[in-house]
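Report on one structure; see the data block that follows.
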Amino acid sequence: MKLYIILSLAILIFTIPHPVMAEQAAVSTDTAPAGKTITLDDDGKTINLQVDETFLLNLGEGYDWNISIDDQTVISREVNVMVIRGAQGIYRAHKPGSATLIAVGDPPCRQSVPPCGAPSRLFRLNVIVSGSAAGTPKVPAFEGLYAIGTLLSALLLVRRK
C-alpha cells in the first residue's frame, strides 16, 4: 500500500511544473527571435540585430567558404546546429556592439591538381547589435534535484506515518 502512495506522489510531482521552469519556458517562447537570412546579395551591407537574435549565413555552394569574425563576443556561430545545404551556419548576437563578418570563398577547383587560377570571392558584413546584454538570466537545470528532493520528502512523510 505504501508503494502505491509513493508512486502516486512521484507521478503527481513529475507532472506539476516547477514555478521557475514554467516561468523560464514562458519567457523563452515570448522572446524567440524570428531570424534573418544573409546571402551574397548582402555583401558590404550593415545589419542591425538585437541581443540574442540570430541569422542564417547562406552564401551558397559555389565556393569553399572560410568565415572569420573580428569580435566573437558580439556575434558568433552557433555550434552543433545543422543548417541547410549551401549555408555556412547560424550566428547569434550576444551583447551590444559591432562586429565584422568576413568570408573568403575559394572556388572548388583550387583543390584539384593542378589547382585552377580562378579568383577567390570576398564577402563582408557589418553587424551592429543593440539591446540589453543582461537579458534573462539562464537558470541551471535543477529540475532533477527538485524532483529527487520532493520524492525523498514524500518518502520521509510516508515513513513517519
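Could you put ILE75, ILE38, ILE67 in order, starting from the residue whose Cβ has the fewest other Cβ atoms within 10 Å? Don't skip to the end; give the middle numbers.
Working: ILE75 25, ILE38 22, ILE67 17.
Fewest-to-most ranking of ILE75, ILE38, ILE67: ILE67, ILE38, ILE75.
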Could you list which residues have their amide H under 5 Å from that of LEU49, counting only those 5 or more apart in sequence or on another chain, with H placed in the peptide plane?
ILE128, VAL129, SER130
With labels modelled as points extended 7 Å from the Cα through the Cβ direction, what inter-label distance (nm, one decimal) is found for CYS116 paired with ARG85?
1.9
Any idea what diffusion coefficient segment 34-135 gets from Stokes-Einstein, in µm²/s, Kirkwood Rh on alpha carbon pairs, 25 °C, 0.890 mPa s?
172
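No lab work stands behind these numbers, since they all come straight from the coordinates. Just so we're clear, the structure is a prediction, and the values are computed from it rather than from any experiment. No Cβ is skipped: glycine too gets one built from the backbone with ideal geometry, and neighbour counts run over all protein chains shown.
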